[in-house]
1. Using alpha-carbon positions, what is the distance between the centroids of region A:103-172 and region B:144-192, in Å?
2. If you put a point 7 Å past Cα along the Cβ direction, how far is that point for A:Val187 from the same point in each other copy, in nm, smallest first?
3. What does the copy distance list look like for A:Arg9, label position 7 Å along Cα→Cβ, in nm and ordered from shortest?
4. Run lengths n ≥ 4 of DSSP H only: what is the helix-derived mean residue ellipticity at 222 nm for the protein assembly as shown, with -39500 (n - 2.57) per run over all residues, to the nearest 500?
5. Given the options A:Glu92, A:Glu80, A:Glu136, which has the most mean-square fluctuation in a GNM of chain A, springs set between C-alpha atoms less than 10 angstrom apart?
6. Which pairs break 18 Å Cα to Cα here: A:Lys119/B:Lys167; A:Lys167/B:Lys119; A:Lys31/A:Lys167; A:Lys122/B:Lys167?
7. If Lys and Arg each add +1 and Asp and Glu each add -1, what is the summed charge of the other residues whose beta carbon sits under 13 Å from the beta carbon of A:Leu192?
8. Ignoring ligands, DNA and RNA, what accessible area per residue does region A:50-190 give at 1.4 Å, in Å²?
2 protein chains.
Amino acid sequence: MARNGELRRQILEQARSLLLDEGYAQVSMRKIAAAVGCTPTSIYLYFDSKDALFHSLVEEGMGRLHEQLAVVVERHADPEEQFCRLCRSYLEFGLENPEFYEIMFLLHPEQLQRFPTDKYRKARRNLQLFADILTEVRGTEPDFDPLLGATVVWSLLHGAISLQLAKRVDARLATSDFIDQVVEHAVRMLQL
Amino acid sequence: MARNGELRRQILEQARSLLLDEGYAQVSMRKIAAAVGCTPTSIYLYFDSKDALFHSLVEEGMGRLHEQLAVVVERHADPEEQFCRLCRSYLEFGLENPEFYEIMFLLHPEQLQRFPTDKYRKARRNLQLFADILTEVRGTEPDFDPLLGATVVWSLLHGAISLQLAKRVDARLATSDFIDQVVEHAVRMLQL
DNA sequence: ATTCTTGGTTAACGACGTTAACTTTACAGT
DNA sequence: ACTGTAAAGTTAACGTCGTTAACCAAGAAT
């Protein structure tokens with residue numbers, strides 16, 4: 001049919017499409033193959049396993065997220081403004097790309113093998129964006145660890161997205177109010 | 001349908017045991033049946049589906065968690081102390097019962113059907129423990145919603161557990177430091 | 001004594017990830 | 001032109017999964 005990586009490209013494309021349409025759990029190698037128009041076996045010519053295939057998508061997602069966050073940092077000068085927008089942007093990414101967010105951060109080692117350490121570096125850049133601002137604002141304080149602070153903020157944002165996506169947040173709470181409060185609480189990391 | 005039987009008890013017991021030993025993804029109806037010493041089909045005499053079976057375990061987990069949290073509230077009088085301990089206790093539960101926490105809060109609707117709404121009420125009691133303290137401390141402020149505040153704190157705690165269980169937290173950060181910082185940031189919800 | 005009910009089984013369906021073995025295609029060396 | 005070989009894809013299968021239809025054994029009720 002197609003040569004030199006063309007099929008590989010199609011597989012990734014259809015996998016992403018199916019992921020967005022139906023969610024990770026509903027995507028099977030057989031469905032991807034059917035969508036592409038090849039046999040399930042052919043996928044194994046380009047990817048070692050289902051995990052490996054989705055790790056490629058994770059990598060793409062990490063790239064998208066970083067790009068989105070990096071733009072925010074560039075566009076604003078004031079650290080507090082940057083931090084605030086960074087939080088909002090992260091939340092937005094998670095809530096608007098639930099399937100991507102799922103394979104990137106929500107699936108556990110039992111479901112999807114942990115992301116290879118080398119590629120994990122890329123993921124850490126996102127955390128570093130938060131840490132950098134914290135360093136800028138609170139770097140002088142001796143007992144403050146920016147990486148630790150960033151991880152705490154990340155926990156808050158990640159938790160908010162997780163609960164929201166899992167529909168565990170009380171329905172009486174308006175999503176926008178919830179987001180606002182999460183961001184408001186996150187930026188407190190800049191104070192004191 | 002739910003009948004009262006010895007076999008039902010054994011099924012739940014072995015399911016829990018397998019869950020603790022191997023994690024949700026590795027537990028199959030066949031394995032449970034083998035551990036109990038019956039056929040996979042027999043499980044369907046007592047549970048409508050795999051989801052239903054695990055929902056029973058979720059219910060049990062919710063009970064355990066609530067018990068653990070309720071004790072903390074009883075044992076301390078000072079609201080701030082209560083809140084702080086509540087956070088620590090929640091984190092402790094998540095980190096020390098990863099498989100329970102997984103089925104209770106981490107699995108998404110695609111993997112495990114959402115917990116039935118009626119039983120979900122029980123789960124909400126836990127959130128209410130946080131909300132009650134917030135009401136006690138900040139109830140007078142007109143623009144403060146305790147339920148919303150509790151949900152934000154829950155997001156932080158839940159996110160911290162999720163990231164820790166998924167091994168996404170930077171290895172250079174000591175777990176105890178991370179926990180301390182999370183709690184410290186959580187109790188800020190009591191201020192201002 | 002015969003029917004009904006309870007509590008279990010056997011065997012199977014369709015779907016899954018993955019693999020071994022085979023075929024087809026393309027092309028390089030003689 | 002002919003052959004050897006490597007790449008690209010296929011067919012068929014293995015062992016797993018959740019779940020269901022059909023059957024069966026034994027006790028209770030009539």
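1. 11 Å
2. 2.5
3. 6.4
4. Working: 18 runs with 265 residues, N = 384.
Calculated from helices alone, the mean residue ellipticity at 222 nm is -22500 deg cm²/dmol.
5. Checking each option, the largest mean-square fluctuation is seen for A:Glu136.
6. Values: A:Lys119/B:Lys167 15 Å; A:Lys167/B:Lys119 15 Å; A:Lys31/A:Lys167 27 Å; A:Lys122/B:Lys167 16 Å.
Listed pairs above 18 Å: A:Lys31/A:Lys167.
7. Details: positive: A:Arg138, A:Arg188, B:Arg188; negative: A:Glu141, A:Asp143, B:Glu184.
Neighbour charge sum, excluding A:Leu192 itself: 0.
8. On a per-residue basis, region A:50-190 sits at 41 Å².
The values are calculated or read from the model by the stated rules, or taken from the named source; none is laboratory data. From a predicted model like this one, the values you see are computed outputs, not experimental measurements. Cβ atoms come from the backbone with ideal geometry, glycine included; neighbour counts cover every protein chain shown. Note: areas computed on protein heavy atoms with side chains; ligands, DNA, RNA excluded. Shrake-Rupley method; radii C 1.70, N 1.55, O 1.52, S 1.80 Å.
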